[in-house]
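Presented below is the structure to which this report refers.
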Amino acid sequence: MTDELARLRVRDLADVFAARRLGRELAAGLGLDQQDQVRVATALRLTSLSAVTLGQTAVIAFGADVTSLVLTVTVNGTPP
């Protein structure tokens, strides 16, 4: 069972940086090593930035289960 830790709506560049920071902090809090923290942060930055660049909103749900950090990204709208 996945427990939701946080949810973040990404609409602009400030939100992209907030998603990156929150992802890295949660990864660290769950005991992921430094390199995996960077991977999580980078994936969130790239995904969020893509949505914002296309004028869309991304909603990121941060969750965890017994063995994993679970990130669910939903993008509203259809890419042009």
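The values are calculated or read from the model by the stated rules, or taken from the named source; none is laboratory data. This structure is a prediction, so every number in the text was calculated from the model and none was measured. Cβ: placed from backbone, ideal geometry, glycine included. Neighbour counts: every protein chain shown. Calculation scope for accessible area: heavy atoms of the full protein, side chains included, ligands and nucleic acids excluded. Shrake-Rupley method; radii C 1.70, N 1.55, O 1.52, S 1.80 Å.
For the chain, modelled as a Gaussian network with Cα springs under 10 Å, which listed residue fluctuates most, THR67, THR57, THR42?
Sorting by GNM fluctuation, first place goes to THR67.
Under 20 Å from a point placed 7 Å out from the Cα of MET1 along the Cα-to-Cβ direction: which residues of the range 52-66 have their backbone N that close?
61-66, by backbone N distance to the label point.
Can you tell me the orientation of helix 34-53 relative to the chain, as the angle in degrees between its alpha-carbon axis and the longest Cα principal axis, to the nearest 10?
20
Given points 7 Å out from each Cα along the Cα-Cβ axis, report the VAL59 to LEU8 separation in nanometres with one decimal.
Simple spin-label model gives 1.7 nm for this pair.
What percentage of the solvent-accessible surface of the chain, computed with a 1.4 Å probe over protein heavy atoms, is contributed by carbon and sulfur atoms?
On the way: 2630 of 4930 Å².
C and S atoms contribute 53 percent here.
Give the label of the value calculated from the structure for Rg and Dmax of the Cα atoms in Å, choosing from (1) 13.0, 38; (2) 12.4, 39; (3) 12.0, 34.
(2)
Tilt of helix 13-29 relative to the longest C-alpha principal axis of the chain, in degrees (0 to 90, nearest 10)?
10
Quick check on the chain: helices-only [θ] at 222 nm, where DSSP H runs of length 4 and up contribute -39,500 (n - 2.57) each and the sum goes over total residues. Nearest 500, please. Spell out each step's value before the answer.
Working: 2 runs with 37 residues, N = 80.
The helix-only estimate for the chain comes to -15500 deg cm²/dmol at 222 nm.
Please work out the average accessible area per residue across the chain, using the 1.4 Å probe convention, and give it in Å². Don't jump to the answer; show the numbers that get you there.
Values: 4930 Å² over 80 residues.
That works out to 62 Å² per residue.
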